[in-house]
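**Q** Before I ask anything, let me first share the structure, which is written out below as structure tokens.
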Amino acid sequence: MNLKKRKQEHFYHLKLQRHHSILLQRHYNKYGEKDLKFHIIEFCEKEKLIEREQYYLDTLKTDFNICKIAGSSLGTIRTEEQRQNFSGPNNPMYGKKRVSPMDGKKHSDETRKQMSESHLLHPRTDWKPRKKTEKEKKELSIKYTGENNPFYKKTHTEKTKQILRELHTGTKHSEETKQKQSKSHLEFYKTEKGKQLKEDNRKYMINKRKKK
């Protein structure tokens, strides 16, 4: 479907020494990347891809294709030795963290500009969160209230408190933010939950004065 993407996937796994075709991996290790060439041998409709792939698997010498049935891993026979070599601690990736090709690297200013322009021309819409229904909001509210809340009765450590103090020291809210906060608090105290909290605070202050 996408030759450029497929080619990148092959070389990505080859460079990490974990390509699914051990024959292709050995060839790459011995002769290098430059010895491998990618060519399109036929264009076809999307619906006929599997059919045409199977045709070439049957008629051409496909040394690197360990799967002899197009579109699936059926027909791949692994020896007991291969299974042991890639099982548990014997797997070369066992206990290792997968490293991104961009780990420790940064895009240049020119690349960032091109990416920004591309995103503006082709904005993504699939990442936008779906608005929750009132029923879903109510269920979530019940789910994370009181002891169900993962932060219930938990407090920050002294080290975290100190970091937070340093972060917020000297910072001031804008007038617009202050107005929004004030409006939000007023609206909250009009709700049943807000009224109950206000009443609990009033009783707490009365009891505190009595103890003094």
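The values are calculated or read from the model by the stated rules, or taken from the named source; none is laboratory data. These figures come from a predicted structure and were not determined experimentally. Neighbour counts run over all protein chains shown; Cβ positions are idealised from the backbone, glycine included.
**Q** How many residues, within the stretch 1-52, are of a type in the set (Lys, Arg) and closer than 14 Å to Phe64 by Cβ? Walk me through how you get there before you give the answer.
**A** Quick first cut of the stretch 1-52, residues of a type in the set (Lys, Arg) only: 4-7, 15, 18, 26, 30, 34, 37, 46, 48, 52.
Next cut, closer than 14 Å to Phe64 by Cβ only: 6-7, 26, 30, 37.
Within the stretch 1-52, residues that are of a type in the set (Lys, Arg) and closer than 14 Å to Phe64 by Cβ number 5.
**Q** Right, something else. List, please: which pairs have Cβ atoms under 6 Å, are six or more places apart or on different chains, and start with a residue in the stretch 24-42 that is farther than 16 Å from Arg6 by Cβ and assigned by TED's automatic domain parsing to the domain that holds His10 and end with one that is not basic (Lys, Arg) and not in a helix (DSSP H, G or I)?
**A** Here the result reads Gln25/His19, each pair linking the stretch 24-42 to a residue that is not basic (Lys, Arg) and not in a helix (DSSP H, G or I).
**Q** Among the residues of the stretch 149-189, how many are surrounded by 10 or more Cβ atoms within 10 Å (Cβ to Cβ) and not hydroxyl-bearing (Ser, Thr, Tyr)?
**A** Residues that pass the stated criteria total 16.
**Q** While we're here: Take the residues in the stretch 96-133 that are modelled with pLDDT under 75 and of a type in the set (S, T, N, Q); name whichever of them is nearest to Tyr12 (Cα to Cα).
**A** Checking each candidate, the answer is Ser100.
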